[in-house]
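These notes are about the structure you will find just below.
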Amino acid sequence: MEVSRKRTHPKHIDPYDIFCAMLYVLKNGCPWRDLPADYPKWTTVYYYWMSWSKAPTSDKPALLTQVLKKLSLIDG
């Protein structure tokens, strides 16, 4: 996931924390705004969700889909 990050700003938030927040939302089915304070701000997590969910081409799955498949969290 580090590869997909834009190199315009220095990294302030650990991508692992962002990914854990995404898993929290997926597991609990809660709205983005209801993320606990232990995670990064919901707007940041949602931004990464949108960027990691976009498929680069029609024949290649999105980065988030690839990671979830590799972790056996979704069928594929």
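The values are calculated or read from the model by the stated rules, or taken from the named source; none is laboratory data. As the structure is a prediction and not an experimental result, all values here were calculated from the model. Here the Cβ positions follow ideal geometry from the backbone for every residue, glycine too, while neighbour counts run over all protein chains shown.
Summary of computed values
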{"item": "Set 75, 59, 17: member being at pLDDT 90 or above and of a type in the set (Asp, Glu)", "result": "17"}
{"item": "Condition check for residue 36: in a loop (DSSP other than H, G, I, E, B), touching a helix residue (DSSP H, G or I) at 6+ places or on another chain (Cβ under 7 Å) and at pLDDT 85 or above", "result": "no"}
{"item": "Selected residue (only one of 35, 64 is of a type outside the set (Gly, Ala, Ser) and in contact (Cβ under 8 Å) with a residue 40 or more places away in the chain)", "result": "64"}
{"item": "Considering residues of segment 8-53 that are farther than 18 Å from residue 68 by Cβ and of a type in the set (Val, Ile, Thr) only, the residue surrounded by the fewest Cβ atoms within 10 Å (Cβ to Cβ)", "result": "8"}
